[in-house]
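*Asks:* Can you read through this structure? Questions will come right after.
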Amino acid sequence: MADETANISGTEQLSIGIRFFDDEKKAIREEFLGFIELHAMDAVNIASAIDNFIQNEGLDGTKLFGQGYDGCATMAGKINGVQSILRDKYPHALFFHCASHKLNLVVNDLNCVPEIRNTISMVKDIINFSRESVLRRKCIPNIPSFCETWWSQKYRSISIFKENFEIIIHALDKLSKDGNTATRKVAFQLHSASNKSIFIMSVILIAKYSKLLEPVANALQSKTLDLLKCSNYIKKIVDIVKDHRENADTEIEQILIAANITAENIGTEINLPRIVGRQQHRSNPPVSNTTEFWKRSLLIPYMDSLISSLERRFSDENLPAFSIFLLHPSNMLDINIKEFKFKINDFADYYQIKDIDSETELWYNVWNEKKLAKNKLSDMEMSEIVGETDIFFPKIKQALHISLAQQCTTSTIERSFSTLRRVKT
């Protein structure tokens, strides 16, 4: 695993770490190994630096089964990226785009909905405005600013903003009358924009789904997260949003109730924007009531964007690494033995695990005869399954070790950035 940052003197540093399964402790481990000073930021030099580090530290390159980076072109490029260059030498080292980075990109994709994009920009402006002076901080609650690297902070900022929305509006109104010239001007503009129906509706909508995404964003930063759990987290989110999409009438009613209460408390009301015969620059569906307008112009585009982005960015199930999930009993017993043996060979062939056929049928029958409930099987983690392989299943154990060593996120490496100030002495 690797990621790059600059230290206090502006020198580019590449942080390197490894992920592996500790067979003695029966646990996944992620360990930071060190920093490499980069003299050039192109893919060839970075790949060379990583390769030299592997050689110098005496790591066994034949056991390199995965590469975890962010999704920038230099690292993730399929032709000339770092991952492509290293795979020429280590052919089994599949590239895994950090799941935390991908989830952040999903949130950014929602900016394709103009109303959401404008609302997020306005929220940022209000937060920045409130933090610029001591006077404003006394009037407006202290809301954390949006952090571009600490992504869970974004969800928290949105949540705090929504909870204190009424206080913020009243404070902006007060500052637009009582502040100095510069404060009055900006406070008046922000107050006028934040009183609009579209802004109130969008804030409530964004806060609702930020609350849904925040636990997943935090869970993805766990060191013990494996690919199966990561995939299941995302599938649960997609299923929830799809369910909301199918029941859009109920969802928009709940959002409208909350919006009307908020609007009443700040002395305004949720209005239906003017509908005209032809409109290109904002939502203009031909509807006759407020509920239908907000459903078609805001809620459905937002949910469609969220679903499509999640499915597109987390569609890695075609990788050979994902076929190993079938060794988990909850997935294995959903198919017949013939299909199981056929699919597991994709993984075995790719990673050159020989003679796994001799174990797969027995593995299938062992779990089938246990007759465990589906929910109990689903709760078992991949690391627990390894304990069942100690005596009779050495090839399956090898396959599970490979699967558990593959990276889900680069969070461990990014946490190492905070130590740079300690070594810069």
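*Asks:* Exactly one of these conditions fails for Glu359: (1) more than 15 Å from Met332 (Cβ to Cβ); (2) not in a loop (DSSP other than H, G, I, E, B). Give me its number.
*Replies:* Just one mismatch for Glu359, condition (1).
*Asks:* Still on this structure, I have one more. Which residues, counting only those in the range 369-410, are of a type outside the set (Ser, Thr, Tyr) and touching a Cys at 6+ places or on another chain (Cβ under 7 Å)?
*Replies:* Cys408
*Asks:* Follow-up. Quick one: Lys354 ticks every box in (1) in contact (Cβ under 8 Å) with a residue 40 or more places away in the chain; (2) under 32 Å from the mean Cα position of the chain (by Cα) bar one, so which box is it?
*Replies:* So Lys354 meets the others, but not (2).
*Asks:* Within the bounds of the range 195-205, is there any residue that is within 13 Å of the chain's Cα centre (by Cα), open to solvent by less than 60 Å² (accessible area, probe 1.4 Å) and farther than 16 Å from Ile120 by Cβ?
*Replies:* no
Conditions (1) open to solvent by 70 Å² or more (accessible area, probe 1.4 Å); (2) in contact (Cβ under 8 Å) with a residue 40 or more places away in the chain; (3) touching a His at 6+ places or on another chain (Cβ under 6 Å), marked per residue:
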position: Tyr69; (1), (2), (3): no, yes, no
position: Ala73; (1), (2), (3): yes, no, no
position: Gln83; (1), (2), (3): no, no, no
position: Cys98; (1), (2), (3): no, yes, no
position: His101; (1), (2), (3): no, yes, no
position: Leu105; (1), (2), (3): no, yes, no
position: Cys112; (1), (2), (3): yes, yes, no
position: Glu115; (1), (2), (3): no, yes, no
position: Leu135; (1), (2), (3): yes, yes, no
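*Asks:* Further, regarding this structure: Sort out which residues of the range 58-114 are more than 23 Å from Leu404 (Cβ to Cβ) and among the acidic types (Asp, Glu), and write them in order of number.
*Replies:* Asp88, Asp109
*Asks:* Lys397 passes all but one of (1) in contact (Cβ under 8 Å) with a residue 12 or more places away in the chain; (2) part of a helix (DSSP H, G or I); which number fails?
*Replies:* With respect to (1) in contact (Cβ under 8 Å) with a residue 12 or more places away in the chain; (2) part of a helix (DSSP H, G or I), Lys397 is out only on (1).
*Asks:* Next question. In the range 19-38, what residues are in contact (Cβ under 8 Å) with a residue 12 or more places away in the chain, open to solvent by 30 Å² or more (accessible area, probe 1.4 Å) and not hydrophobic (A, V, I, L, M, F, W, C)?
*Replies:* Asp23, Lys26, Arg29, Glu31, Glu37
*Asks:* Next up: Tell me yes or no: at least one residue of the range 380-399 is farther than 30 Å from Cys98 by Cα and open to solvent by less than 50 Å² (accessible area, probe 1.4 Å).
*Replies:* yes
*Asks:* Right, next: Of all residues in the range 153-192, how many are within 18 Å of Ile204 (Cβ to Cβ) and hydroxyl-bearing (Ser, Thr, Tyr)?
*Replies:* Going through the range 153-192 one residue at a time, the tally reaches 3.
*Asks:* Taking the stated definitions as given, is Asp357 open to solvent by 70 Å² or more (accessible area, probe 1.4 Å) and within 30 Å of Gly71 (Cβ to Cβ)?
*Replies:* The answer is no for Asp357.
*Asks:* Another one. Quick test for you: out of Lys223, Lys211, Lys235, pick the one residue that is modelled with pLDDT under 90, open to solvent by 70 Å² or more (accessible area, probe 1.4 Å), closer than 21 Å to Ile160 by Cα and not β-branched (Val, Ile, Thr).
*Replies:* The match here is Lys211.
The values are calculated or read from the model by the stated rules, or taken from the named source; none is laboratory data. A quick note: this is a predicted structure, and the numbers were derived from the prediction, not measured. Backbone-built Cβ (ideal geometry, glycine too); neighbour counts: all protein chains shown. Ligands, DNA and RNA are stripped out before the accessible areas are found, and what is left, the full protein with its side chains, is counted by its heavy atoms. Shrake-Rupley method; radii C 1.70, N 1.55, O 1.52, S 1.80 Å.
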